[in-house]
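Notes follow the structure.
The values are calculated or read from the model by the stated rules, or taken from the named source; none is laboratory data. Remember, predicted model here, so these are calculated numbers, not experimental data. Cβ placement follows ideal geometry from the backbone for every residue including glycine, while neighbour counts extend to all protein chains displayed.
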Amino acid sequence: MTNPIKYNKKVMEHFSNPHNMGELENPDGVGEVGNPVCGDMMKISIKVEDGIITDIKFLTFGCVAAIATSSVTTTLVKGKTLDEAEKITRKAVADALEGLPPIKMHCSNLASDALYKAIVDYKKKHGIPLSEEEIGREKKIDEEDIHE
Amino acid sequence: MAEDKFIYFDNIATTMTDPEVIEAMLPYLNEKFGNPSSFYEFGSQINDDIKIAREQVAALLNADPDEIYFTSGSTESNNWAIKGFALANQSKGKHLIISSVEHYSVSHSAEFLKQLGFEISQIPVDEFGIIKIEEFKKLLRADTILVSVNFANGEVGSLQPINEITDILKERKIVFHTDAVQSVGYIPIDVKKLNIDMLGFSGHRFYGPKGTGALYVKKGIRILPLINGGVQESGKRAGTENVPGIIGLGKAAELAQKQMPSYIPKLTELRNKLTDGILEKIERVKLNGHPEKRLPNFVNISYEFLEGESILMMLIMKGIMAASGSACQSKALKVSPVLTAMGVPADLAQGSILFSLGKHNTMEEVEYTIKELPTIIERLRMMSPLYHKFKKNQ
């Protein structure tokens with residue numbers, strides 16, 4: 001039933017005291033990925049002023065790694081421009097946590113995807129045109145969601 | 001709760017070896033190191049001690065001593081019973097029936113036989129994880145040679161209707177095997193009264209040593225050995241005996257028989273207290289398994305809107321060890337197949353936590369857990385998008 005998974009200190013810190021947990025009131029953009037069947041679900045809401053993410057909050061249904069990656073992602077993003085935030089990769093998330101157990105790497109994917117969708121949501125709501133690359137990545141995220 | 005102490009509620013993983021068991025084993029790790037197969041008395045006299053251990057195990061199950069074969073544990077016992085029986089009796093038929101809530105040592109053994117041309121049917125279970133008897137009857141065929149159903153469901157502890165199964169099989173002369181790894185030492189088992197033909201179990205689940213177990217095989221039933229070599233275990237299971245382990249298993253069986261009348265009521269009381277406490281104090285929870293017809297030490301509960309691993313981790317931070325059926329807790333990243341077979345929706349199976357109690361647990365530990373758990377659940381729910389959705393829609 002159980003499987004020994006070792007988390008490092010950094011992951012445990014974020015799990016025990018998650019940063020920016022909750023939901024923003026009147027957010028400028030919201031991104032949601034995953035579903036309870038596959039075991040992880042994340043919702044990220046952002047506030048944007050002059051192209052800068054001024055506030056961010058997350059809600060997560062999932063394991064220790066899912067909660068820690070959500071938390072660390074929010075800390076990476078606060079104060080960044082949308083363009084900078086968009087470029088945050090799963091690797092950057094995992095690195096910020098000083099590594100994740102290999103079996104849990106997909107969790108870091110989920111966090112960066114939720115953030116990406118929140119940014120795309122903001123752009124759509126504010127009439128900012130999406131590049132072809134952006135449309136492609138959004139489509140890919142949604143497809144993966146269904147398959148998982 | 002003192003910081004150096006922890007509460008062990010994962011007795012289905014393994015149990016604390018009883019100090020009396022360790023004491024009984026020690027001479028066989030020290031001065032009594034002889035090989036029972038040796039010609040000289042220093043070795044051969046150990047056969048007398050193994051004989052006593054065999055009698056102790058037999059007594060626990062009401063079997064005859066020569067119906068007990070020592071193994072390395074229930075995984076080996078189950079593999080042996082299923083493969084060994086099927087291979088020895090394939091001229092009579094090549095159809096086997098197992099339940100849909102078996103441990104992998106049973107279901108994967110059956111899968112293995114499929115590759116050798118056997119056919120396997122699975123008995124569906126109800127919402128409690130108990131096999132559907134009527135569906136089971138429909139699966140029986142003229143070429144069915146073996147039926148294997150666990151004594152109790154391994155994840156929720158629901159007791160299977162063993163008597164009803166063996167009554168049906170008796171008329172048809174089909175052999176019955178049961179994986180009793182969760183049950184031996186927690187509920188009295190009488191293989192004669194219940195008409196059980198083969199039964200496998202492990203020592204370490206009831207305060208015996210790891211790497212020990214036995215397979216009971218009723219006299220007259222033929223199984224092929226899986227481990228070939230010397231003539232140990234009447235030529236059925238080769239290899240120099242794990243003497244300290246066998247002695248320890250015998251002691252554990254003796255202790256279980258002696259202590260069960262006192263610790264079963266105690267476990268039942270702790271189980272009920274923990275179950276009722278959680279159901280009372282936390283909203284949106286569901287008890288998995290049959291409310292009454294279950295082992296005295298199983299408390300498997302699902303917490304809506306949550307995933308099990310994060311609950312387990314928060315419990316660990318409070319010094320409580322338990323288990324979960326969530327996908328994140330399995331190597332395959334798949335939710336527990338047992339809970340799935342019971343029709344537990346995936347999101348509820350994700351949030352299942354199993355507390356399995358043992359004879360060393362106390363009421364104080366149960367009360368501490370009832371006190372700490374609601375805070376843990378509340379904290380994680382505040383993080384859960386599913387809970388927020390539920391609250392908004394209320």
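Quick notes
- Here B:Glu254 qualifies as assigned to a helix (DSSP H, G or I) and either touching a residue at least 60 places away in the same chain (Cβ under 8 Å) or in contact with a helix residue (DSSP H, G or I) (Cβ under 6 Å, 6 or more places away or on another chain) (or both).
- Residue within region B:127-140 that is closer than 30 Å to B:Lys251 by Cβ and not in a loop (DSSP other than H, G, I, E, B) present: no
- Residues that are more than 13 Å from every other protein chain (Cβ to nearest Cβ), in contact with a helix residue (DSSP H, G or I) (Cβ under 7 Å, 6 or more places away or on another chain) and hydrophobic (A, V, I, L, M, F, W, C) within region B:339-376 comprise B:Leu357, B:Met363, B:Val366, B:Ile370, B:Leu373, listed in sequence order.
- Which numbered condition B:Ser91 misses (of (1) more than 27 Å from B:Pro296 (Cβ to Cβ); (2) among the hydroxyl-bearing types (Ser, Thr, Tyr); (3) touching a helix residue (DSSP H, G or I) at 6+ places or on another chain (Cβ under 8 Å)): (3)
- Any hit, region B:223-234, residues being part of a helix (DSSP H, G or I) and closer than 18 Å to B:Ala53 by Cα: yes
- Residue ID - farthest from the other protein chains (Cβ to nearest Cβ), chosen from residues in region B:260-306 that are among the hydroxyl-bearing types (Ser, Thr, Tyr) and part of a helix (DSSP H, G or I): B:Ser262
- Entry remark, region A:45-89: residues being in a loop (DSSP other than H, G, I, E, B), over 26 Å from B:Glu307 (Cα atoms) and in contact (Cβ under 8 Å) with a residue 40 or more places away in the chain number 1 in total.
- Within region A:46-59, tally of residues that are surrounded by fewer than 19 Cβ atoms within 10 Å (Cβ to Cβ) and within 14 Å of chain B (Cβ to nearest Cβ): 0
- Going through (1) more than 27 Å from B:Leu348 (Cα to Cα); (2) out of contact with any helix residue (DSSP H, G or I) (no Cβ under 7 Å at 6 or more places or on another chain); (3) among the small types (Gly, Ala, Ser) one by one, A:Gly22 falls short only on (1).
- Of all residues in region A:120-148, those being buried (at least 16 other Cβ atoms within 10 Å of the Cβ), of a type in the set (A, V, I, L, M, F, W, C) and either at pLDDT below 90 or on the phi > 0 side of the Ramachandran plot (or both) number 1.
- Residue match in region A:34-45 (condition: away from chain B (no Cβ under 11 Å), crowded, with 16+ Cβ neighbours inside 10 Å and in contact with a helix residue (DSSP H, G or I) (Cβ under 8 Å, 6 or more places away or on another chain)): no
- Residue in region B:1-47 that is modelled with the lowest pLDDT, counting only those that are closer than 30 Å to B:Leu373 by Cα, more than 14 Å from chain A (Cβ to nearest Cβ) and under 25 Å from the mean Cα position of the chain (by Cα): B:Phe6
- Evaluating B:Asn163 against the criteria (1) buried (at least 24 other Cβ atoms within 10 Å of the Cβ); (2) more than 23 Å from B:Ser91 (Cα to Cα) leaves one unmet condition, (1).
- Within region B:259-303, being surrounded by fewer than 21 Cβ atoms within 10 Å (Cβ to Cβ), in contact with a Gly (Cβ under 8 Å, 6 or more places away or on another chain) and closer than 18 Å to B:Val344 by Cα holds for one residue alone: B:His290.
- Extreme residue, farthest from the chain's Cα centre (by Cα), among residues of region B:195-220 that are β-branched (Val, Ile, Thr) and closer than 18 Å to B:Phe151 by Cβ: B:Val217
- When each of B:Ile168, B:Ile196, B:Ile145, B:Ile187 is tested for being assigned to a strand (DSSP E or B), out of contact with any Asp or Glu (no Cβ under 8 Å at 6 or more places or on another chain) and β-branched (Val, Ile, Thr), the lone residue that passes is B:Ile145.
- Search result, residues across region B:166-220 that are among the charged types (D, E, K, R) and more than 30 Å from B:Lys92 (Cβ to Cβ): B:Arg205, B:Lys210
- Across region A:96-108, the qualifying residues are those that are within 13 Å of chain B (Cβ to nearest Cβ) and either small (Gly, Ala, Ser) or closer than 19 Å to A:Asp145 by Cβ (or both), and the one among them that is surrounded by the fewest Cβ atoms within 10 Å (Cβ to Cβ) is A:Met105.
- The set of residues from region B:81-108 being in contact (Cβ under 8 Å) with a residue 12 or more places away in the chain and within 16 Å of the chain's Cα centre (by Cα) comprises B:Ala81, B:Ile98, B:Ser99, B:Ser100, B:Val101, B:Glu102, B:His103, B:Ser105, B:Val106.
- Taking region B:16-34 as the range and being of a type outside the set (A, V, I, L, M) and either surrounded by fewer than 14 Cβ atoms within 10 Å (Cβ to Cβ) or outside any loop (DSSP other than H, G, I, E, B) (or both) as the test, the residues that pass are B:Pro19, B:Glu20, B:Glu23, B:Pro27, B:Tyr28, B:Asn30, B:Glu31, B:Phe33.
- All positions within region B:316-329 that are within 24 Å of B:Ala152 (Cβ to Cβ) and either part of a strand (DSSP E or B) or more than 7 Å from every other protein chain (Cβ to nearest Cβ) (or both): B:Ile320, B:Met321, B:Ala322, B:Ala323, B:Ser324
- Selection from region A:34-44 of residues that are assigned to a strand (DSSP E or B) and at positive phi: A:Gly34
- Any hit, region A:80-99, residues being closer than 25 Å to B:Leu315 by Cβ and touching a Ser or Thr at 6+ places or on another chain (Cβ under 8 Å): yes
- If the condition is being crowded, with 23+ Cβ neighbours inside 10 Å and more than 11 Å from every other protein chain (Cβ to nearest Cβ), then region A:1-30 contributes A:His14, A:Gly29.
- Here A:Lys123 fulfils each of the conditions (1) touching a residue at least 40 places away in the same chain (Cβ under 8 Å); (2) in contact with a Gly (Cβ under 7 Å, 6 or more places away or on another chain) apart from (2).
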